[in-house]
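Each remark here refers to the structure printed beneath this line.
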Amino acid sequence: MSAPVRQIRARYSAATITVYQAYPPQIALPSVSAGRFVAPFKRDRMTWIKPSFLWMMYRCGWATKPGQERVLAIEITREGFEWALAHACLSHYDRNMHGDRANWSRQLRSSPVRLL
């Protein structure tokens, strides 16, 4: 049995999916205490979430990279996650999906979500 080229491996339920993100202590600690994101977290900043804990740990250097010393498990709604996927654009050009670079570039500029 072969695995699909694109798949999401994550902890999930019918209502939620857990994703992971690395933050500096000044964002992570107040947010954990509050049980939600609070200042200095900013909703308009680009963030790279990962549905795989081990992949997140690898990407943040096992929580040793500056500004990525705390890894949070973030439970979001499946509805919100599926909305993000439906409005996403690949972060790189793929001739088979985009046709030409100009089309991909337009999609990338207008998309609120980017996929690796």
Practice task
Would you point out which residue out of Ala15, Ala28 is more than 19 Å from Gly61 (Cβ to Cβ), modelled with pLDDT of 95 or more, in contact with a strand residue (DSSP E or B) (Cβ under 7 Å, 6 or more places away or on another chain) and not hydroxyl-bearing (Ser, Thr, Tyr)?
Solution key: Ala15
Practice task
Just give me the residues in the stretch 87-108 being in contact with a strand residue (DSSP E or B) (Cβ under 9 Å, 6 or more places away or on another chain) and assigned to a helix (DSSP H, G or I), in sequence order.
Solution key: Met97, His98, Trp104, Gln107, Leu108
Handout entry: So Thr64, is it free of Cβ contacts under 8 Å to residues at least 24 places away in the same chain, farther than 18 Å from Ala14 by Cβ and out of contact with any His (no Cβ under 9 Å at 6 or more places or on another chain)
Key = yes
Exercise for the section: Looking only at the stretch 77-91, decide whether some residue is closer than 19 Å to Ile8 by Cβ, touching a residue at least 40 places away in the same chain (Cβ under 8 Å) and surrounded by 12 or more Cβ atoms within 10 Å (Cβ to Cβ). Expected result: yes
Fill in the blank from the handout: Note on the stretch 17-69: residues of a type in the set (Phe, Trp, Tyr) and either crowded, with 17+ Cβ neighbours inside 10 Å or touching a helix residue (DSSP H, G or I) at 6+ places or on another chain (Cβ under 8 Å) (or both) are Tyr20, Tyr23, Phe37, Phe41, Trp48
Handout entry: Flag if Met46 is under 17 Å from Val113 (Cα atoms), part of a helix (DSSP H, G or I) and not acidic (Asp, Glu)
Key = no
Exercise for the section: Kindly provide the set of residues from the stretch 14-48 that are closer than 20 Å to Phe81 by Cα and either hydrophobic (A, V, I, L, M, F, W, C) or more than 18 Å from the chain's Cα centre (by Cα) (or both), ordered by number. Expected result: Ala14, Ala15, Ile17, Val19, Ala22, Gly35, Phe37, Phe41, Met46, Trp48
Practice task
Go over the candidates Ala84, Ala28 one by one and state the one that is within 23 Å of Leu108 (Cα to Cα), assigned to a helix (DSSP H, G or I) and of a type in the set (A, V, I, L, M).
Solution key: Ala84
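The values are calculated or read from the model by the stated rules, or taken from the named source; none is laboratory data. Just so it is clear, the model here is predicted, and its values are computed rather than measured. Here the Cβ is made from the backbone with ideal geometry for all residues, glycine too, and neighbour counts use every protein chain on show.
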